Each structure stands twice: as structure tokens, then as C-alpha cells.
Amino acid sequence: MSYVGPQPDGFDPDGWDDRGEAPRRRLGGRPVLVALAALVPTALAGWLVYQVVSAPGDSKPPTALPAHGQSASGSPTQDAKASSPAPATSSSKSPHKASPSKSTPKSPSSKAPANPAPASGPLKGKVVVIDPGHNPGNFQHATEINRSVNVGNGSKECDTTGTSTNAGYTEARFTLDVARRMRTILEKQGATVQLTQNGDRAWGPCVDERAEIGNKAKADAVVSVHADGSGEGNRGFHVILPASVRAGAADTTSIVKSSRDLGEHVAGLYLRSTGQPPSNYIGGGTGLDTRSDLGGLNLSKVPKVFIECGNMRDSKDVARFTSGSWRQKAAQGISEGIVSFLRG
């Protein structure tokens, strides 16, 4: 197999929980306690002076600031809405509304930035677009997703519903979950990360728009996350690479080489992270496949690959897909592949 991509320096794949969050570290021990003890008498003296000089009506305690992600009225801010879970479908439960946080009062002048700057790290200054395949709402919008769009060398459906397990766990739910976990990992590496959809639209986007999102972002790498729907016994992953296509609006000649490089890094590190074998039915055991009929690849002007994480109709692959801890490994492996590719 032509996989490449050693473990990136400074990338710690261990210790992530099922939500894609790194473990919290304890504060230091004795120095912190000593500092707090020294502050208590000073704070008490200040409070006594305040009580003496203030008017009777000034002793009302300050009102707590709204929790992060909420407005002063307790309703979610625009920033919080953008990162909220996908809207409920017939196969998912409605999310509960978050209640206002009873946090420790802070100075009214302290404000969290609306769009925090990316963390420093090996990917600082890099732009990554993650494309979660399909959309949980596509099932309710057959007319919209069935219309044809031009992909350069032909026409394809705007989008499809995707596949599902025999028990009804949809590809769209799987891909969105993995994509969100990837975003958390990559942002901690300093990347600016954009999703083509985050459960924040009723259907789509169409395949041509998905490609355009990566193009407009001038992404350094784009990965479209999918899962296959073949028969029982067909299992394993494969990464789809763009063929050389030059027709109509499609011209992949400038990205074929870089996309293959990206795909080989993703395949190698996905295999190492998940233990998922290369496909036994596509790619001749290499875990790589080249196609010229996918609009999301044909219309891309930046390095882009698809990854079919496995087969949702094979019982062994399904046992992995339905495990949150394994989906974290999948997100971790794909992300490590992106990091390795971007660091050269």
C-alpha cells in the first residue's frame, strides 16, 4: 500500500473523550492554595471598607453575566446556534434547550470575542473544509435534491439521501458526527475549519455548491466524509481521489497530484487510528480509488478527497460506526492525515 504520513510532531491523539474534547488538567497544588490564602484577608478588608462608604442601596450584589453562547435574555446567541446539534428528524430526538448558566459574576467589561481566533499550533494559518456527506433532512426534500446539476463532464443529482444501517442509523447522521469531531481536533491544531453544512439547513447543499464552498474558502485541504452502502461481507474503507477531468466547468488537472498526496496521508493514518481494513471490494486492497464522475471532486480547485469510512450494510463495520469511541478514532485518523499532509 502506498500510504504515507508519520505521526505529526506535537499532535497528541490520546486522551480525547467521545465529544472530541481534550481532558481537563488539574490546577497546581500548593502554590495556588498559598496564593488564595494570601488574597482572603485583603478581599475581606476591601469589603468592609465598601460597606462603610457605600449608600444603603449599593449593597445589592452584581447580576451574573449571561453564560457563553447566550444573550442577556437567556436566549442562544448566533454563535451558539451555529454550533448547536442538527435539527431533529424522524430518526433523532429533539435536543433540550440549554438553561442559563449560574456562573460566578464577572466584570461587565469582560466580553468573550464573537469569533475566537484559531488556537496556535502546527496548522495556524491553514484553512480546512470538512464536507459531511448528505444531510439528515434530505429525506424530506426529494424534489430539491433530485434535480440535476452540471458536474463538468455530465450531470448528477443535486444530492442524495445517502445510505443507512439495517437498523436505520443514517449515513448523514454518521458523517455529521464525525465532521464535528474533526473540527474540534483540527481547531485545537490551529486550523481555521469550515463545514459545508452543520445541520443548519433543511437539505443539501448540492454537490456543485459543496465544491464551491471549498473553492471560495481557498482551502488548503478538503475532505468529504461518507460511508458506503454495499452488501454484507463487503467491508473496509477506501479514499476516493479525483481523476484528471477537463470538461466544461471542471478542470482537475492542477489538483490531481496534491489530492492524491492528501488521500494517501488520510488513508494511512485512518488505518492506523481505527484499525479499519482497506476495502475488500473496491481499490484492489489499496484503500484508494480514482473516479471522474463525482461533482464534488470534478469542480474542486483545491486539494480534495472523499473517504468512505466503511460499509453501513456490513455487520462488522456497523458495530464500529455505532460506537461513539470508534467514531472519535475515525475523526482522529482523518484529522491526523490532514495534519500530516499540510505539514509536508
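Observations, loosely collected:
- Among the residues of segment 162-190, those identified as of a type in the set (V, I, T) and within 16 Å of E308 (Cβ to Cβ) are T163, T165, T170, T175, V178.
- Selection count, segment 298-339, where residues are under 14 Å from G236 (Cα atoms) and in contact with a His (Cβ under 8 Å, 6 or more places away or on another chain): 3
- Residues satisfying the stated conditions in segment 163-198, i.e. part of a loop (DSSP other than H, G, I, E, B) and touching a Lys or Arg at 6+ places or on another chain (Cβ under 9 Å): T163, T165, N166, Q189, G190, A191, T196, Q197, N198
- Among residues of segment 186-204 that are modelled with pLDDT under 95, those with a Cβ under 9 angstrom from a residue that is in a loop (DSSP other than H, G, I, E, B) and open to solvent by 20 Å² or more (accessible area, probe 1.4 Å), sequence gap 6+ or separate chain, pair up as G199/S84; G199/P85; G199/A86; G199/P87; D200/S84; D200/A86; D200/P87.
- Long-range neighbours under 6 Å by Cβ, at least six apart or interchain, first residue farther than 12 Å from N166 by Cβ and open to solvent by 30 Å² or more (accessible area, probe 1.4 Å) within segment 317-328, second in a helix (DSSP H, G or I) and at pLDDT 95 or above: R320/W326; R327/D177; R327/V178
- Test for V225: is it at pLDDT 95 or above and out of contact with any Pro (no Cβ under 6 Å at 6 or more places or on another chain): no
- Some residue of segment 241-249 being among the small types (G, A, S) and assigned to a strand (DSSP E or B): yes
- Residues within segment 136-159 that are crowded, with 16+ Cβ neighbours inside 10 Å, free of Cβ contacts under 8 Å to residues at least 60 places away in the same chain and assigned to a loop (DSSP other than H, G, I, E, B), tallied: 2
- Output for segment 244-264, where each listed residue is open to solvent by 20 Å² or more (accessible area, probe 1.4 Å) and within 21 Å of D228 (Cα to Cα): R260, E264
- Within segment 180-206, tally of residues that are among the hydrophobic types (A, V, I, L, M, F, W, C) and open to solvent by 30 Å² or more (accessible area, probe 1.4 Å): 2
The values are calculated or read from the model by the stated rules, or taken from the named source; none is laboratory data. Only a predicted model underlies this, so the values are computations on that prediction, with no experimental measurement involved. Cβ sites come from the backbone with ideal geometry, for glycine too, and all protein chains shown count toward neighbours. In case anyone asks, the SASA skips ligands and DNA or RNA and just uses the protein heavy atoms, side chains included. Shrake-Rupley method; radii C 1.70, N 1.55, O 1.52, S 1.80 Å.
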